[in-house]
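J.: Pasting in a structure now, in structure tokens, and then I'll have a few things to ask.
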Amino acid sequence: MRKSLPATTERNLLIRNKHCCCICQKDGHGKEINVHHIDGNNSNNTIKNLAVLCLVHASQADAGLAKGKLGSGKKLKPDAVAQYKYQWEKKILEESVIPKKKIPTYRKKQLGIFFYNEIQKVKHEIVALDEIDPRDKTIKIKFAFLNSLIIEEYVYDIKVRKYLMEAYTYIAFIAAESGVLLVQSLTDAMESLLVTPDSEYADISREDIYFLRACIEALDMLGDNIASFNANPATLKIACAMLFKIGKVATVFNISSEKQRVLRVLNKINKSCLDFRTATKATTAKQRQLRQKIVQTEIVKLEQLKASTQ
């Protein structure tokens, strides 16, 4: 049965192709385009199987999927379409890379100290805000500022992500009984430190794996404490959903050790749900069951992921 193409998938595909046919490329501007399923399976809506083609090349690609002879018209075989797609999207990706700036060593050191101090200052401001009012929207603004500093690492080659990870680990340590706003903002901030497998050209370095593991360790502490003490199960759902995202990244990049690490943490959190207590036995039993269901849902989803997810 044919599955309709999700609007978000189509939008992301068109953006990453600059709304151009991957064969016409820059000459494709102004031409009518459509989304072509490379393998001919209209239910396979993975980004890797979708190519942006103008009507002329889409017709040739359709002919390339047919068996036997189809007159004298030109055909484009699936492997050719896939190669055009790869080359065009890779070219766009390379053009979008942020250029690095060379600065003197002393200046780099000064900037590193400045960024470190700014991160420490905002970290303590976030903690103070949560103690006053966990619903304060200023928390989001402060996390947005911290996230904006990541670009400095790529422009000036300063290890800003390491400073941010230390700050997020500290916040995770004190956020066990916090509200949804802080926990959600914290996990979103952690996600911004990670390489994301939204492109088949994405790569992962040893440093990226370090942040992957650091996030797992921070979420181990956060999730374990939330499961035991936080009265709002929504915060547990947020923490476990983030662990699933990390497990998905590990699966896509075939880092089985980190996927297993995530599963161990989720199973640990699942056991910690039994430590949660309320005023009555009936409510306690109900809450424990609800919390374990939240954790077990993410465990099942992660176990079902295969390395071919990408």
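Here, each number is a calculation from the coordinates, and none is a lab measurement. Because the structure is predicted, anything quoted here is derived from the model rather than measured. Please note: Cβ atoms are built from the backbone with ideal geometry, for glycine as well, and neighbour counts cover all protein chains shown.
J.: Based on the Kirkwood radius over alpha-carbon pairs, what value in µm²/s does the Stokes-Einstein equation return for the translational diffusion coefficient of segment 232-305 at 25 °C and 0.890 mPa s? Could the numbers behind the result be given before it?
T.: On the way: Rh = 12.7 Å.
Translational diffusion coefficient: 193 µm²/s.
J.: Continuing with this model, one more query. Which lysines does K102 reach when only Cα atoms under 22 Å apart count, and residues fewer than 8 places away in its own chain are ignored?
T.: Within the straight-line limit of under 22 Å, K102 reaches these lysines: K159, K162.
J.: Give me the compactness ratio for segment 118-272, meaning the Cα radius of gyration over 2.2 N^0.38 Å. Please list the in-between numbers first.
T.: Working: Rg = 15.1 Å, N = 155, 2.2 N^0.38 = 15.0 Å.
Rounded to two decimals, the normalised Rg is 1.01.
J.: Where does each of 113-119, 32-38, 187-193 land if you order them by average Cβ count within 10 Å, highest first? Could you put the intermediate results ahead of the total?
T.: Numbers: 113-119: 15.0, 32-38: 18.3, 187-193: 20.0.
Those peptides, ordered most packed to least, come out 187-193, 32-38, 113-119.
J.: Contour minus end-to-end for K74 and K159, with contour as 0.36 nm per residue of separation and end-to-end as the Cα-Cα distance? All intermediate terms of the calculation are to be shown ahead of the outcome.
T.: Values: separation 85, 0.36 × 85 = 30.60 nm, distance 5.22 nm.
Gain in length upon complete extension: 25.4 nm.
J.: Give me P(r) over segment 7-95, computed from all C-alpha to C-alpha distances, binned every 10 Å, as integer percentages.
T.: Here the calculated profile for segment 7-95 is 18, 53, 25, 4.
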